[in-house]
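The structure appears below as structure tokens.
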Amino acid sequence: MTEYETILVETRGRVGWITLNRPEALNALNATLVREVVGASTTFDRDPGIGAIVITGSAKAFAAGADIKEMAEQGYIDMYLNDPFRGWAEFERVRTPLIAAVAGFALGGGCELAMMCDIILAADTAKFGQPEINLGVIPGIGGTQRLPRAIGKYKAAELVLTGRLMGAEEAERAGLISRIVPAAELLDEAALVAETIASKSLPVVYAAKDALQAAQETGLAEGIRFEKQAFAATFALDDQSEGMAAFRDKRTAHFSHR
Ligand code: CAA
């Protein structure tokens, strides 16, 4: 069993849970935490017994950003050559659906971590923002790219250029989050969503995630071509015949690749 310093890791049935656990720093993403989150997620991702991963923080903070104290003394060459955020590239390749369950602050790298997930469930206490401009820097883990794709150029520009934070309701209206959940129910709701996904056929879930990812990264015509191929490929699996037979027979499908 791997020992972690900055996160808690648990398996519940077919769901992997990663809880960010640096309460003294509002879960700021220091080098150890990045390494551990990426390590735990990729370990879950390699396990066919895991069908969904939940990433959460505390009631006060999902994560308050990259660790400012760790970055404060760094210079250009440290950032350019050492690239302390490069581990996230591996996280972006995780194929298992990732659910961010956000309560409290999701700022800077914390907001960016949530946006690297597939689904964002937010407690009514959640606050999102990219306040890097107040520190004399800009977002560095995809914030200037994913935020405009999620909420549009003009709202993203206002948040990135002013550093203003937005609450859960505004984030939901803007399309950043999947939905708002009362804070006390956040983890139960995340568990429900994760278990639902984990009960489906794993290769079909991968195909759906891949196609959704293509929508973020390609133009419409290319994305549609990708979907067509991925759709056809699902017909190579037993799970397609089982799913459709179960519908015809009015029973629950039992997927073999779960
Ligand atoms: N890095 C390091 N430490 C942090 C931190 C961060 N991002 N955010 C909070 N902390 C620490 C604080 O320094 C404080 O530690 P001490 O008790 O040792 O002083 C502790 O966490 C509690 O924080 P506060 O006392 O500030 O708590 P608060 O409730 O008064 O304020 C807050 C909460 C508004 C979130 C405030 O902590 C804050 O503004 N944090 C920084 C947010 C930020 O600027 N994030 C962007 C970081 S840069 C980045 O992420 C770049 C990127 O894109 C990769």
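The values are calculated or read from the model by the stated rules, or taken from the named source; none is laboratory data. Fair warning: this is a prediction, and the values are worked out from it, not measured in the lab. When we count neighbours, we look across all protein chains shown, and the Cβ atoms used for this are built from the backbone with ideal geometry, even at glycine. Protein only, heavy atoms only, side chains kept; ligands, DNA and RNA dropped before computing areas. Shrake-Rupley method; radii C 1.70, N 1.55, O 1.52, S 1.80 Å.
One table, with the values for the structure above:
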{"item": "Scan of the range 115-136 for residues that are in contact (Cβ under 8 Å) with a residue 40 or more places away in the chain and either within 13 Å of the ligand (Cβ to nearest atom) or not assigned by the TED database to the domain that holds LEU98 (or both), ordered by number", "result": "MET115, THR125, ALA126, LYS127, PHE128, PRO131, GLU132, LEU135"}
{"item": "Checklist (1) more than 15 Å from the chain's Cα centre (by Cα); (2) small (Gly, Ala, Ser); (3) open to solvent by less than 20 Å² (accessible area, probe 1.4 Å) applied to ALA101, failing item", "result": "(1)"}
{"item": "Filtered residue count, the range 104-119, keeping only those that are open to solvent by 10 Å² or more (accessible area, probe 1.4 Å) and of a type in the set (A, V, I, L, M)", "result": "4"}
{"item": "Some residue of the range 134-152 being within 21 Å of ARG179 (Cα to Cα), of a type in the set (Val, Ile, Thr) and either open to solvent by 70 Å² or more (accessible area, probe 1.4 Å) or assigned to a helix (DSSP H, G or I) (or both)", "result": "yes"}
{"item": "Any pair with Cβ under 7 angstrom, 6 or more apart, that starts in the range 158-175 at a residue that is in the same structural domain as GLY108 (by the TED database) and ends at one that is small (Gly, Ala, Ser) and not in a strand (DSSP E or B)", "result": "VAL160/GLY143; ALA168/ALA126; ALA171/ALA126; GLY175/ALA150"}
{"item": "All positions within the range 53-87 that are surrounded by fewer than 21 Cβ atoms within 10 Å (Cβ to Cβ) and in contact with a Leu (Cβ under 8 Å, 6 or more places away or on another chain)", "result": "SER58, LYS60, ILE68"}
{"item": "Selection within the range 78-116 - assigned to a helix (DSSP H, G or I), among the hydrophobic types (A, V, I, L, M, F, W, C), at pLDDT 95 or above and over 24 Å from ILE180 (Cα atoms)", "result": "TRP88, ALA89, PHE91"}
{"item": "Total residues in the range 8-48, condition free of Cβ contacts under 8 Å to residues at least 24 places away in the same chain and away from the ligand (no atom under 16 Å from the Cβ)", "result": "3"}
